[in-house]
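Inspection log for the structure reproduced underneath, given as C-alpha cells.
All of the numbers you see were taken from the coordinates with simple rules; none came from a lab. Every value quoted in this text rests on a predicted model; they were computed, and no experiment measured them. Here the Cβ positions follow ideal geometry from the backbone for every residue, glycine too, while neighbour counts run over all protein chains shown.
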Amino acid sequence: MTRLDDQLVEEVDALVADGTVANRSEAVRLGLQRLIDQHRRLQTGERIAEGYRRHPQTEDELAGLSQATRALVEEEPW
C-alpha cells in the first residue's frame with residue numbers, strides 16, 4: 001500500500017482521463033519501470049566513465065576517433 005498526496009492523485013487521474021494510461025495501476029507501473037530504467041542507465045554511464053578514468057584513451061586512440069568521425073561526416077549526403 002502506498003500513500004500519495006492529493007495533487008499527485010489528481011495528476012494521475014488526469015492521465016487516465018485523457019487516455020495516456022489505462023488506469024492508476026498502469027501509471028504506477030510505468031513510473032516504476034521508467035525510474036528503474038533511468039537508474040540502470042545512470043549506473044551504466046558511471047561504470048563507463050569509471051573505466052575511462054582507470055584506463056584513459058591514448059592519443060593514438062583519440063586521433064583515430066577523429067579520423068573515423070571525419071569519415072562518417074564525409075559520407076553524409078548533405
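Annotations
- Theoretical gain in end-to-end length, A49 to A14 [0.36 nm per residue, Cα-Cα removed]: 8.6 nm
- With the alpha-carbon atoms of the chain aligned to their principal axes, the span from lowest to highest coordinate is 57, 39, 17 Å, starting with the largest.
- Ordering of 31-41, 15-25 by packing is 15-25, 31-41, highest average first (other Cβ atoms within 10 Å, averaged per residue).
- Once both labels are positioned 7 Å from their Cα atoms along Cα-to-Cβ, the gap between T69 and H39 label points is 3.4 nm.
- Cα principal axis extents for the range 33-78, largest first, Å: 39, 32, 6
- Summing Cβ point charges (Lys, Arg +1; Asp, Glu -1) relative to the Cα centre of the chain gives a dipole of roughly 440 debye.
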